[in-house]
Amino acid sequence: MSTTTEKGNSGMPQHDLVIIGAGPGGYTAAIRAAQLGMNVACVEEEPALGGTCLRIGCIPSKCLLESSHKFSEARDNFAAQGIRINGLEVDLPTMQRRKQQVVTTLTKGVESLFKKNKITRYAGRGKLNGLGTVSVESAAGNTEVKARNILLATGSKPALLPGISLSGNLIGTSTEALAYSEVPKHLVVIGAGYIGLELGSVWRRLGAKVTVLEFLDRILPGLDAELARHAKTLFEKEGLEFRLGCKVKGARVENDQCVVEAEGMESLPCDRVLVAVGRTPNTSHLGLESAGIELHKKGSIPVNEHFQTRAERIFAIGDVIAGPMLAHKAEEEGIACVEHIAGRPSHVNYDAIGAVVYTHPELASVGKTEEQLQEAGTEYRKGAFPFRANARARTLGDVEGFVKVLADQRTDRIVGVHLMGPNAGELINEASVAVAFGASSEDLARTCHAHPTLGEAMREAALAVSGRAINF
């Protein structure tokens, strides 16, 4: 395979692989394909590479979560450690500038990786033009590019609700909520998923009143129910107000103020509304019909186990196909897809893909929940260990939460791990490795963990599966 752009018989540029979308799935796939010797091109309409996750999603939200957490720690918890601060205040413009600096550094990093790996970048909106051809539409004109293989990796976009018209940053999505120029007095969040809770937490810490409206009777649908119940209690202690079982009918702007309407509830006035009811595959304007590709009812692109669509040599990964909309899931699929194209064996172990909610405390999960095991009729044993009994958590002054390990009753194989507490997003990776390698709770329990560390709570939970926890 060539690593330089070729010209086909038609005179069009020709590549071994053309990827539409430069988010985590797309740019990771591009780099891996280049490593495998393919002549790779990537089409992206945004000026900066990195997709929603890097530009207006995961990365900027984590910046604000970190900054707001440090502020709330200084305000509420430093005095207990003998640190007194006078005149503490929020400097939101500096906070926002720091966020943007981090994003810019990382997007330029992706750009550098493209150059390093000799990946051709086409600036514009990519769409299929039948089999083997991608049209790149831009203000400068249209370009036709020939491709032996095409990979669709255009990610997702915020889902909307009937009766709600977006109105700049007054009634907006996560994109607007990441860029408020001032702290809202009262923010109403529609949706109690991870996006709504993370951004709701940011603005609550910085001084906003935050009301979360959720259609279901619980928060964080899909997460382990026990974890979600404990999390809701802690979020309420932090000042988040929840109204569950709440069907929102509409939201509008009246005299520069927002008004939210819901069944069985009086009109709710506020000054900002964040619509965070999930995300939908970003498949519009892809020209799928030109290649004979039809969508699932929920809007995703059907693929087989190798991410092949029904069209020859057209593949799809990430948020545009079924499954959890996670950046790291898209990355794994991108790597597996291009390795298959290159004739190498590869697969994605979906049971070992962790999920993290970056609130405080953090929540993380991998594998099956108790509810899923019960529904499937799988007999299991459970071991749990609280961070209150962990020495490192005590020294950090961060003791809320617990680790729960679920193991198959017959084989002792770990089938799920769920935790809430300090650095849960880092700790879950150990559990993902355990699930990926088919480890038993005994394997984890017999593995020596350094002391004092938060990871010891993972070992203690594994010991608790057989009733042998040492410190609780």
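The values are calculated or read from the model by the stated rules, or taken from the named source; none is laboratory data. Bear in mind the structure is a predicted one, so any value in this text is a computation, not a measurement. Glycine gets a Cβ as well: all are built from the backbone with ideal geometry, and neighbour counts include every protein chain shown. Ligands, DNA and RNA are stripped out before the accessible areas are found, and what is left, the full protein with its side chains, is counted by its heavy atoms. Shrake-Rupley method; radii C 1.70, N 1.55, O 1.52, S 1.80 Å.
Of the set (1) open to solvent by 70 Å² or more (accessible area, probe 1.4 Å); (2) part of a helix (DSSP H, G or I); (3) farther than 30 Å from Ala316 by Cβ; (4) not hydroxyl-bearing (Ser, Thr, Tyr), all apply to Ile85 but (2). Count of region 344-384 residues, restricted to those that are among the aliphatic types (A, V, I, L, M), open to solvent by 20 Å² or more (accessible area, probe 1.4 Å) and over 19 Å from Met325 (Cα atoms), is 2.
A single entry from Val202, Val212 fulfils the requirement of being β-branched (Val, Ile, Thr) and under 30 Å from Gln374 (Cβ atoms): Val212. Any idea which of Gly401, Gly397 is open to solvent by less than 70 Å² (accessible area, probe 1.4 Å), under 12 Å from Ala457 (Cβ atoms) and under 28 Å from the mean Cα position of the chain (by Cα)? That would be Gly401, the only listed residue that is open to solvent by less than 70 Å² (accessible area, probe 1.4 Å), under 12 Å from Ala457 (Cβ atoms) and under 28 Å from the mean Cα position of the chain (by Cα).
All of Gly141, Gly155 fail the test of being of a type outside the set (A, V, I, L, M), at pLDDT below 95 and either under 22 Å from the mean Cα position of the chain (by Cα) or closer than 30 Å to Ile19 by Cα (or both), apart from Gly141. Among the residues of region 437-468, the ones that are surrounded by 15 or more Cβ atoms within 10 Å (Cβ to Cβ), out of contact with any Phe, Trp or Tyr (no Cβ under 6 Å at 6 or more places or on another chain) and not basic (Lys, Arg) come to 16 in all. Applying the set (1) out of contact with any Leu (no Cβ under 8 Å at 6 or more places or on another chain); (2) of a type in the set (A, V, I, L, M, F, W, C); (3) more than 30 Å from Glu362 (Cα to Cα) to Ile150 leaves exactly one unmet item: (1).
Across region 14-63, the qualifying residues are those that are among the acidic types (Asp, Glu) and open to solvent by 30 Å² or more (accessible area, probe 1.4 Å), and the one among them that is farthest from the chain's Cα centre (by Cα) is Glu45. Every condition in (1) closer than 30 Å to Arg125 by Cα; (2) out of contact with any helix residue (DSSP H, G or I) (no Cβ under 8 Å at 6 or more places or on another chain) holds for Glu261 except the one numbered (1).
Within region 283-304, the only residue that satisfies the criterion of being touching a helix residue (DSSP H, G or I) at 6+ places or on another chain (Cβ under 9 Å) and farther than 23 Å from Thr52 by Cβ is Glu294.
Among the residues examined, Thr378 does not qualify as in contact with a Leu (Cβ under 8 Å, 6 or more places away or on another chain) and of a type in the set (S, T, N, Q).
In region 428-472, of all residues being of a type in the set (Ser, Thr, Tyr) and closer than 20 Å to Glu362 by Cα, the one that is nearest to the chain's Cα centre (by Cα) corresponds to Ser432.
For the condition open to solvent by 10 Å² or more (accessible area, probe 1.4 Å), modelled with pLDDT of 95 or more and either closer than 17 Å to Tyr358 by Cα or more than 18 Å from the chain's Cα centre (by Cα) (or both), Leu213 does not qualify. For Gly130, the criteria (1) more than 22 Å from the chain's Cα centre (by Cα); (2) modelled with pLDDT under 95 hold in every case but one, which is (2).
For the condition open to solvent by 20 Å² or more (accessible area, probe 1.4 Å) and in a strand (DSSP E or B), Val188 does not qualify.
Within region 102-158, if we keep just the residues that are of a type in the set (Gly, Ala, Ser), assigned to a strand (DSSP E or B) and open to solvent by 40 Å² or more (accessible area, probe 1.4 Å), the residue that is nearest to Glu339 (Cα to Cα) turns out to be Ala123.
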